[in-house]
Structure formats: structure tokens, C-alpha cells
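I have placed the structure first, in the form of C-alpha cells, so that the comments after it can refer back to it.
All of the numbers you see were taken from the coordinates with simple rules; none came from a lab. In this text the structure is predicted, and so the values were computed from the model without any measurement. Heads up, the Cβs are rebuilt from the backbone with ideal geometry, glycines too, and the neighbour counts pull from every protein chain shown.
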Amino acid sequence: MPEKLEKELLTVTDIKKITGLGRDTVYELMHSGEFTVLRFGRSFKANKREFYDWLNNKNNSNSYVYTLKT
């Protein structure tokens, strides 16, 4: 039985679903240089591990993470 291969690349749609951002904002983010993005013809794919590192603020120089007090 073949093993299920996990996607290593995220599409613009994947990132939209993960972040809740709009398409144009995701494209701006992908062009920011904060994580590796590959271009295949007209489509852009982000490295999944680098994107999640960026999202978890490990390599995110352009954002701030705030802890809200309740």
C-alpha cells in the first residue's frame, strides 16, 4: 500500500485558507522575500516548512506578535 505523501508546497489558495488574508495580500506576502517561493509558469508555491516558521514568527521580521490580556 503506497504511503500518503504530504504536500511540501503551499498554493496561494492554501495560504489564503490558513491566514484568512485576501488574494492580493497573499501575493504581496509571497513577493516579500520572508520565505521561499517557487514559480511554476504562472503559479506560485511557498515552501510549507518555511511558511509555517514565518507564520509562527521564527523568521518574521515584518510583523509583531502580541499577546492579548483578558
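Treat the count of other C-beta atoms within 10 Å as a stand-in for reagent exposure and order F40, F51 from fewest to most.
Arranged by neighbour count, lowest to highest, F40, F51 become F40, F51.
Quick one: length gained pulling Y27 to L55 fully straight, 0.36 nm per residue minus the C-alpha distance?
On the way: separation 28, 0.36 × 28 = 10.08 nm, distance 1.52 nm.
Computed gain between Y27 and L55 is 8.6 nm.
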Pull up the cross-link candidates among the aspartates and glutamates for K7, meaning alpha carbon to alpha carbon under 19 Å and not fewer than 8 places away within one chain. E50, D53
For the pair T13 and T36, how long in nm is the line joining their label points, each one 7 Å along Cα→Cβ? 2.4 nm
Which of rounded, prolate, oblate describes region 9-55, given a ≥ b ≥ c as roots of the alpha-carbon gyration tensor eigenvalues and a/c under 1.5 marking rounded, otherwise prolate only if a/b is larger than b/c? rounded
